[in-house]
Amino acid sequence: MTEGDRHATPAPRSTDAMTAPRPAGIPVTVRAPAKVNVQLAVGGLRPDGFHDLANVFLAVSLHDTVTASPCDTLEITCTGPGAAQVPLDDTNLAVRAARLLAARHGRAPGVRLHIDKDIPVAGGMAGGSADAAAALLACDTLWGTATPRAELLKLCAELGSDVPFALAGGVALGRGRGELLTALEVTGTFHWVFALADGGLSTPAVYRECDRLREAAGTGFTADEVPAPEPDPELLAALREGDAGALAGALANDLQPAALSLRPALAATLDAGRAAGALAGLVSGSGPSCAFLTADAASALAVAEALEKSGTCRAARTATGPVPGAAAVDGTVG
């Protein structure tokens, strides 16, 4: 069991500082946060194969860091927990981010990227998206391309639905596929425990199972049949007021039944966390990690310890949120 902030890393700089001119050739390190979906409302299947979402993201204090260094070609390495599961080719979102930014500025994508993983791999916490956002910022600074923030967010949306939020951080409502962000008002800090499962769950498979379960229930599964997703006013009020008890009562994930259908063992994890004193628990995004909201830091440690002893998960991590989005780490950029 480890704290969410177990690495003693320096404070990140604001993203505005990232675009300031810097001496060429100095490596740039950017860290980006994991996320939890405190509400994931899923609309029906659209003709293009996607679903409209009302996705309330909250960034938490588990971070990946990406270091960009000068190189004649594009190279990538990765260390940290789960690094062996991270692809080191063009399917890696950080690699795709570097190539996309280079193409947008008409330059060669020469960079060496190193990812230091701390966000659980394949856990439904958007670690790959965090790496993509971090790589965009790191390469933008290394290359001196000074891309406006609005353009960076557009590039993030091209890379994936969760990437814009990894850049933005804080708390936000994601519309469309989750990429159209509106910042939300929030007060205070919320304490979380994440129970990590063995193996991953395919996000497309979870969405397909959601559609199948809806069709089997006779409620329909297409965009014409399923009501448009909307954020819960009670959940938004709980965030504004910093009320953990009210937030616990409003946590919701429309993908949870599908995740439990594909991975029934997650039900035991949810039961164990709640029995240990969590205010509430839910599957994180498309899973398979489970997220538990607790009253305070001491409760989070107790719940994490109980989860690890329960044998229902591989490990448990504590974290707090909200935290800022992707930003440079002080002392790494000149």
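Things worth noting here:
- Each residue of the range 32-37 is assigned a 3J(HN,Hα), and the resulting list reads 9, x, 6, 9, 10, 8 Hz, derived from the Karplus form 6.51 cos²θ - 1.76 cosθ + 1.60 (θ = phi - 60°), x at Gly and Pro.
- Shape analysis of the chain yields a ratio of the Cα radius of gyration to the Kirkwood radius, Rg/Rh, of 0.97.
- Out of every Cα-Cα pair that the range 190-320 contains, those further apart than 22 angstrom amount to 41 percent.
- If you take the alpha carbon atoms of the range 266-334 and fit the smallest convex hull around them, that volume is 123 Å³ per residue.
- In the chain, the calculated helix contribution to ellipticity at 222 nm averages -10000 deg cm²/dmol per residue, counting -39,500 (n - 2.57) for every DSSP H run with n ≥ 4.
- The lysines whose alpha-carbon is closer than 22 Å to the alpha-carbon of Lys35, local same-chain residues fewer than 8 away aside, are Lys117, Lys154.
- A Cα-only calculation for the range 13-163 places Rg and Dmax at 15.5, 50 Å.
- Here, P(r) means the percent of Cα pairs in each 5 Å bin from 0 to the largest distance; for the range 109-222 it is 2, 9, 14, 17, 18, 17, 11, 6, 2, 1, 0.
- Put the Cα centre of the range 259-334 next to the Cα centre of the range 103-140 and the gap is 24 Å.
- Candidates per GluC sites (Glu not before Pro) in the range 213-255, loop by DSSP, up to 15 other Cβ within 10 Å: Glu225
Where a number appears in this text, it was derived from the coordinates with a stated rule and is not lab data. Being a predicted model, the structure only gives us computed values, none of them experimental. Counting neighbours? That spans all protein chains shown, and the Cβs are built from the backbone with ideal geometry, glycine included.
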